[in-house]
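Q: Handing you a structure now.
Read the figures in this text as sums done on the coordinates, not as results from a lab. Being a predicted model, the structure only gives us computed values, none of them experimental. Reconstructed Cβ throughout: ideal geometry from the backbone, glycine too, with neighbour counts over all protein chains shown.
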Amino acid sequence: MEFTLHQIAQILKGEVRGDGNQKINTLAKIQEARPGQIAFLANPKYEQYIYTTNASAIIVARDFQPKKEIRSALILVDDPYSSFTILMEQYHKMISFQKSGVEQPSYISESATIGSNAYRGAFSYIGNKTRIGDNVKIYPQVFVGDDVVIGNNVILHPNVKIYARTRIGNNVVIHAGTVIGSDGFGFAPQEDGSYKTIPQMGNVVIEDDVTIGANTVIDCATLQGDSTIIRQGVKMDNLIQIAHNVEVGKNTVIAAQTGISGSTKIGESCMIAGQVGIAGHLVVANQTSLGAQTGVSKSITEEGQRLLGYPAIDIKDYFRSYAVYKKLPEIAHRVRDLEKKLSGQDPHTVETPKNRQN
Amino acid sequence: MEFTLHQIAQILKGEVRGDGNQKINTLAKIQEARPGQIAFLANPKYEQYIYTTNASAIIVARDFQPKKEIRSALILVDDPYSSFTILMEQYHKMISFQKSGVEQPSYISESATIGSNAYRGAFSYIGNKTRIGDNVKIYPQVFVGDDVVIGNNVILHPNVKIYARTRIGNNVVIHAGTVIGSDGFGFAPQEDGSYKTIPQMGNVVIEDDVTIGANTVIDCATLQGDSTIIRQGVKMDNLIQIAHNVEVGKNTVIAAQTGISGSTKIGESCMIAGQVGIAGHLVVANQTSLGAQTGVSKSITEEGQRLLGYPAIDIKDYFRSYAVYKKLPEIAHRVRDLEKKLSGQDPHTVETPKNRQN
Amino acid sequence: MEFTLHQIAQILKGEVRGDGNQKINTLAKIQEARPGQIAFLANPKYEQYIYTTNASAIIVARDFQPKKEIRSALILVDDPYSSFTILMEQYHKMISFQKSGVEQPSYISESATIGSNAYRGAFSYIGNKTRIGDNVKIYPQVFVGDDVVIGNNVILHPNVKIYARTRIGNNVVIHAGTVIGSDGFGFAPQEDGSYKTIPQMGNVVIEDDVTIGANTVIDCATLQGDSTIIRQGVKMDNLIQIAHNVEVGKNTVIAAQTGISGSTKIGESCMIAGQVGIAGHLVVANQTSLGAQTGVSKSITEEGQRLLGYPAIDIKDYFRSYAVYKKLPEIAHRVRDLEKKLSGQDPHTVETPKNRQN
């Protein structure tokens, strides 16, 4: 895929300075760009690189005043960063939506429907009464169960597994091996110590613009009519566990290997790092930031906090406490010394390796 | 699926009060039930809801004495909770065992056998000499290797992968993407720093009534004749790691993202929360309860303990210590103050922001 | 598979003492071996077992002097341990490389090539322009995307998913459900709180002799031309997360459920236990040993350290601090007592349950 600078400027409503017929094949950072690549300059901190970069072209602000000669062509725009992200997004779509047609053998129920410009890879499976929109890319070995509804411009990477009754919006990307809609973990204890399975009859709803990583699992809600909900714009990484009846708020980002227990509601625009664990039936306020490996065992009601530890406390307090934690044996020893002093013994004279128990 | 109250009463050996021809299509909690649903009342705490619920019917104890008028029909039984769980289990089976027949293309070795009333989804694979019982549901893209034995009433959700030589009992449910019988993690260090693979020749045994979540992994045992064993009635959640030669005792429950290292034996009726890690070659006593993110590095020999932290300690002690942990900087400061006081300085007069290093 | 002792002695360049025509079908530990099995004696600590074992044969050092009668046949070699690991490796290869031929239906692009002695299981998929070497075993439902290069003697277990552009060396084993080359987790924040996807255009490179467990995920690098790299001889367990642009050094071992964040470089011959988390953009020195559940938030520059905790500190310091941590409530109480004493109150006389707040 190659574009001329003229074509790119048109997408960005920008102006070319230099040879507009040059061809660009990919994007790069200004400090790393090579010929054939386009980069951008938004932060003045990086200005030095514009005079030395090998990029074929740089996206800059209309009012940018170069202090030295620049070898690269320029595209002048109102906001270089947002122009670059538009380009990224376009590029991402282009490379992601190349596949089309139907590879055989693949399986589609007679009662299922699929829109225009679809890709259906070999060994993919689409169940009964399932309705799928336009421009959807279903890679090989994907499973889509019965009564599923999927919007437009969705990509299901190899071997994604969508259980029955799931709802998926537009512009959703799900990576390989991820499971959507498996049974919630619900069992009723019996008198003899065994458990009976509580039927899991709800579903999963994934709104527009959600991206989900590989080998992640999202369980369905327990009761018929209820849903586990992933709100618009959520970005989830690999190997994440989302239990039954969880709701993840708009534009929240969750890193790899984090687990959220049943019925917990996560707010909007939260940043949840990797390997975090959140207990069930909690509320996490908007804009909460949770450090890696944090354990949340109580609801977080104040917005915008940065927390760490188990149970989670303010990140600065955590590090202050941890700094002392590392010296705990010394502190315990000093407390012992004080006690001895106060009871009339001077520890520096009476202590021996034998009676000192560290 | 709809049943009349009469039919349900028959299953539960109960008595109908009200219109026994009413149709019920699903189950619900008494405080949330809608028309067409059946609920139960066992705990007197919920009695208030029986006078206001929209449920079509309520299961109650034979000796229940209503204090006000009840709009719903009633089914009188000996034990409402256990009757409701029986109904749940029946309902669960009904919705789980609907599929039947063989979708094409699917693959079954000529030397494999499968019992009556089977479902084999498209792109499912059954290897050489594998023997599968009656009423087994094998969803699309499931892999069952060579020399596997599977009992009756088993459900393998899409893309479950069963390695060669695995043994699976009756009434087992395994969710999508789970791997049973992959190689144990065993390597012999060589003098040059490299590792040689120790061949993994044992298998995995899963007893009756076990449920396993999605994208979980259970490794096979190392030596021929040995097994990694999941005992009867165990319930396991998603993304769990069970290493080679582990044994999980009867009716133990394990939540998501927990990992159990090689050769560890977990007792019966344990409750293991999410993201717990248990080291190798340990024993965990019956009825042990492990809080989320706990790390177990020593055997637990006393039954019935509730533990938390890393290494795991009694859960109450953990929270007591953590309460102090949060105040550690303050305590360290108070110890310093005490030391200054004892050495003749009054910290409250001599301390300045500059010489105080917190 | 059975071999005579003569055949085994030939592989090991050893000498048989006893009946060289005996047949051996598998390997075992000396203390557990049964007839038909071969074991080894290297550590004098285990010498007692050689006089009682039921093994058909034992590999011993040429200079071994028995103190009693031995019933088993012997194979005399220079180095019994390394001879046994050679045998293990041979055995492992034999049992792993049995499959051959092509099961139908399976899918291979017309532009893909595959070497001699291949196994391609049913429902496996090989994409455009992909090149695969000799003696490669591709199990059922494996997905290999476009433009992938795979070496010789590689085993891809059921349902492994290899994204486009991945490079895999020789003698690599990847277990079921593992995903190689999924998109790195990269999103550019927008002013309205939403995120745009940063296109992930790099790939994954897996060098020779690497083993990867089940349901693990390795993301591709972000920029075109860059790679996430797993160096020669690395051994990785199940459910591990390797983010974009990570490099794992030669002969490093990583246990289950560990996660390594973006752009971090792990040194050679490290031992990383289970459920460890390592933050992004760090360097971890060669021979670092990280205990289970450790959190690494800073680079580790000194080689050969053993660390534990979050943030990671020296393992001995961690356990010393934890020993005090368990007594924190008592220490806090003793500090309070000291303060009261110093301010003139004797806590043992004035304290009451009411004013003591523990």
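Q: List B:T288, B:T264, A:T301 from most exposed to least, where exposure is judged by having the fewest other Cβ atoms within 10 Å.
A: So the ranking, lowest neighbour count to highest, is A:T301, B:T264, B:T288.
Q: A further question on this structure: What does the structure give for B:257-263 when I average, per residue, the other chain Cβ atoms found within 10 Å of the residue Cβ?
A: Taking all residues of B:257-263 together, the mean is 5.
Q: Could you give the nm distance between label points at C:K340 and C:K29, where each point is 7 Å from its Cα heading toward the beta carbon?
A: About 5.5 nm, to one decimal.
Q: Right, here's the next one. Which semi-axes, in whole Å and largest first, does the equivalent ellipsoid of the range A:87-156 have when worked out from the alpha carbon gyration tensor as the square roots of 5 times its eigenvalues?
A: They are 22, 13, 9 Å, listed from largest to smallest.
Q: Net charge within 9 Å of C:S182 by Cβ-Cβ distance, Lys/Arg positive one each and Asp/Glu negative one each, not counting C:S182 itself?
A: Taking every other residue near C:S182 into account, the sum is -1.
Q: Take peptide A:91-99, look around each residue's Cβ out to 10 angstrom, count Cβ atoms belonging to other protein chains, and average those counts.
A: Going residue by residue through A:91-99 and averaging, the value is 3.
Q: Whole-Å semi-axes of the range C:40-91's equivalent ellipsoid, largest first, each the root of 5 times a Cα gyration tensor eigenvalue?
A: One finds semi-axes of 18, 12, 10 Å for the range C:40-91.
Q: Tell me which chymotrypsin sites (Phe, Trp or Tyr not before Pro) from the range B:1-55 have a DSSP coil assignment and no more than 13 other beta carbons within 10 Å of their own.
A: Those that pass, being in a loop and sparsely packed, are B:Y51.
Q: For the range B:216-229, what does the Karplus curve 6.51 cos²θ - 1.76 cosθ + 1.60, with θ = phi - 60°, yield as ³J(HN,Hα) per residue in whole Hz, taken in order and with x for Gly and Pro?
A: 7, 10, 10, 7, 6, 6, 6, 8, 4, x, 8, 9, 7, 10
Q: For the protein assembly as shown, just the Cα atoms, rotate onto the principal axes and tell me the three extents in Å, largest first.
A: For the protein assembly as shown, the Cα spread along each principal axis is 91, 91, 89 Å.
Q: With a 10 Å cut-off between alpha carbons and a GNM built on chain B, which of B:R306, B:R336, B:R131 moves the most?
A: Looking only at B:R306, B:R336, B:R131, the biggest GNM fluctuation is shown by B:R336.
Q: Also, I was wondering about something else. Give the average, rounded to an integer, of partner chain Cβ atoms located within 10 angstrom of each Cβ in C:184-193.
A: For peptide C:184-193, the averaged partner shielding equals 5.
Q: Taking the label point as lying 7 angstrom from Cα along the Cα-to-Cβ axis, what are the distances from A:Q190 to the corresponding position in the remaining copies, in ascending order and in nanometres?
A: Computed spacing set for this position: 5.3, 5.3 nm.
Q: Right, something else. Report ³J(HN,Hα) in whole Hz for each residue of the range C:208-214, in order, from the Karplus equation J = 6.51 cos²θ - 1.76 cosθ + 1.60 where θ = phi - 60°; Gly and Pro get x.
A: Those phi angles translate into 5, 6, 8, 10, 10, x, 8 Hz.
Q: Then there is this: Over the range B:80-234, with a single point scatterer placed on each C-alpha, what log10 of the ratio I(q)/I(0) does the Debye formula yield at q = 0.12, 0.15, 0.21 1/Å?
A: -0.53, -0.77, -1.32
Q: Another question, then. Viscosity 0.890 mPa s, temperature 25 °C: Stokes-Einstein D of the range A:3-96 from its Kirkwood Cα radius, in µm² per second?
A: My calculation gives 191 µm²/s for D.
Q: A further question follows. Please turn the phi angles of the range C:43-57 into ³J(HN,Hα) values with the Karplus equation 6.51 cos²θ - 1.76 cosθ + 1.60 (θ = phi - 60°), one per residue in order, whole Hz, x for glycine and proline.
A: Result, ordered by residue: 8, x, 3, 9, 4, 3, 5, 5, 8, 10, 4, 9, 4, 5, 8 Hz.
Q: For A:I212, which sequence-distant residues (separation of 5 or more, or a different chain) have an amide H within less than 5 Å of its own amide H, given hydrogens modelled in the peptide plane?
A: A:V173, A:I174, A:H175, A:M236
Q: Take the residue pairs A:K137/A:K161; C:K45/C:K68; A:K235/A:K265; A:K45/A:K68; A:K13/A:K99 and return only those whose Cα atoms are more than 19 Å apart.
A: A:K13/A:K99
Q: Still on this structure, please answer the following. What are the equivalent ellipsoid semi-axes of the range A:44-132, built from the alpha-carbon gyration tensor (square roots of five times its eigenvalues), in whole angstrom, biggest first?
A: Its equivalent ellipsoid spans semi-axes of 48, 13, 9 Å.
Q: Across the Cα atoms of the range B:222-266, what radius of gyration and what greatest pairwise Cα-Cα distance (Dmax) are found, in Å?
A: Over the range B:222-266's Cα set, Rg and Dmax evaluate to 10.3, 30 Å.
Q: Still on this model: With a cut-off of 8 Å between alpha carbons and a minimum separation of six or more residues, what is the relative contact order of the range B:160-317 in percent?
A: Answer for the range B:160-317 is 14 percent.
Q: Could I ask something else about it? Where does the protein assembly as shown land at 222 nm, in deg cm²/dmol rounded to the nearest 500, when only DSSP H runs of n ≥ 4 count, each adding -39500 (n - 2.57), divided by all residues?
A: -5000 deg cm²/dmol
Q: Amide H neighbours of C:T258 under 5 Å, at least 5 residues apart or on other chains, H built in the peptide plane: list them.
A: C:Q241, C:Q275, C:V276
Q: OK, next. At 7 angstrom along the Cα-to-beta-carbon line, where would the label on B:K13 sit relative to the other copies? Give the distances in nm, shortest first.
A: Label-point separations across copies, in nm and ascending: 7.6, 7.6.
Q: For label points placed 7 Å from Cα toward Cβ, what is the shortest-first list of nm distances from C:N25 to its copies?
A: Here C:N25 shows inter-copy label distances of 5.8, 5.8 nm.
Q: Where Lys and Arg each count +1 and Asp and Glu each count -1, what net charge lies around C:E247 among other residues with Cβ under 10 Å from its Cβ?
A: +2
Q: Mean projection of the alpha-carbon convex hull of the range C:178-266 over all orientations, in nm²?
A: So the mean shadow area of the Cα hull is 5.7 nm².
Q: Can you tell me the alpha carbon radius of gyration of the range A:92-133 divided by the globular rule-of-thumb value 2.2 N^0.38 Å?
A: After normalising by residue count via 2.2 N^0.38 Å, the value is 1.22.
Q: Out of the DSSP beta bridges found with both residues in chain A, what percent are antiparallel (nearest 5)?
A: Antiparallel: roughly 15 percent of the beta bridges in chain A.
Q: I would also like to ask the following. So which of B:K341/C:K341; B:K316/C:K327; B:K250/C:K326; B:K29/B:K316 end up more than 22 Å apart by C-alpha?
A: B:K250/C:K326; B:K29/B:K316
Q: Same structure, new question: Report the relative contact order of the range B:3-96, percent, no decimals, based on alpha-carbon pairs under 8 angstrom and at least 6 residues apart.
A: 27
Q: In Å and on Cα atoms, what radius of gyration and Dmax does the range A:244-284 show?
A: 9.2, 22
Q: Averaging sequence separations of C-alpha pairs under 8 Å and six or more residues apart, then dividing by the length of chain B, give the relative contact order as a whole percent.
A: 6
Q: Sorted from largest down, give the three principal axis spans of the alpha carbons of chain C, whole angstrom values.
A: The principal-axis extents, from largest down, are 90, 72, 35 Å.
Q: Per residue, how much space in cubic angstrom lies within the convex hull of the C-alpha atoms of the range B:160-317?
A: 106
Q: While we're here: Among residues other than B:D134 whose Cβ falls under 15 Å from its Cβ, what is the net charge (Lys/Arg +1, Asp/Glu -1)?
A: With Lys, Arg at +1 and Asp, Glu at -1, the net is +4.
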